[in-house]
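Accompanying notes for the structure given below.
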């Protein structure tokens, strides 16, 4: 039986799910085009010095990972949400440790909380249907 509460939860879950499908895929694709931003600027200089290849290649690898994460959210939102939450948290940590882009780090941590919440809601939604 679908109640108003479960219907509202389903709506909230779907909104979060499609956000965490679309945003990682778009950001991942943009790692190849740099239309939205020049992603290499966000790379922690300490990480950059350890790379065995160019920052551009690294960002393309990151892009592929983000696209895959978005697809996992689409197919398995409970697992995908945890992956996206962890990924965004790691990005925020690297930004904070670089001493730059604190605003982006806060945004990513906020998005990580949303992805984690979506993952938790996924478990509730599946059980209620």
* To do: Test residue 37 against the stated conditions and say whether it is exposed (fewer than 14 other Cβ atoms within 10 Å of the Cβ) and under 16 Å from residue 111 (Cβ atoms).
  => yes
* Structure fact -> When residue 75 is run through (1) without any contact (Cβ under 8 Å) to a residue 40 or more places away in the chain; (2) within 28 Å of residue 6 (Cα to Cα); (3) touching a helix residue (DSSP H, G or I) at 6+ places or on another chain (Cβ under 9 Å), the failure sits at (3)
* Could you figure out which of (1) in contact with a helix residue (DSSP H, G or I) (Cβ under 9 Å, 6 or more places away or on another chain); (2) at pLDDT 95 or above; (3) over 18 Å from residue 111 (Cα atoms) isn't true of residue 45? => (2)
* To do: Examine the range 69-78 for a residue that is modelled with pLDDT of 95 or more and outside any helix (DSSP H, G or I), and state whether such a residue exists.
  => yes
* Asked: Can you tell me which residues in the range 1-34 are within 18 Å of the chain's Cα centre (by Cα), over 21 Å from residue 114 (Cα atoms) and either buried (at least 18 other Cβ atoms within 10 Å of the Cβ) or modelled with pLDDT under 95 (or both)?
  -> 31
* **Options 114, 123: the member that is over 13 Å from the mean Cα position of the chain (by Cα), under 24 Å from residue 10 (Cα atoms) and part of a helix (DSSP H, G or I)** => 123
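One line per residue, one yes/no per condition, for (1) touching a strand residue (DSSP E or B) at 6+ places or on another chain (Cβ under 8 Å); (2) under 21 Å from residue 38 (Cα atoms); (3) surrounded by 20 or more Cβ atoms within 10 Å (Cβ to Cβ):
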residue: 63; (1), (2), (3): no, yes, yes
residue: 67; (1), (2), (3): no, yes, no
residue: 76; (1), (2), (3): no, no, no
residue: 81; (1), (2), (3): no, no, yes
residue: 92; (1), (2), (3): no, yes, yes
residue: 101; (1), (2), (3): no, yes, no
residue: 107; (1), (2), (3): no, yes, no
residue: 118; (1), (2), (3): no, no, yes
residue: 123; (1), (2), (3): no, no, no
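The values are calculated or read from the model by the stated rules, or taken from the named source; none is laboratory data. In this text the structure is predicted, and so the values were computed from the model without any measurement. No Cβ is skipped: glycine too gets one built from the backbone with ideal geometry, and neighbour counts run over all protein chains shown.
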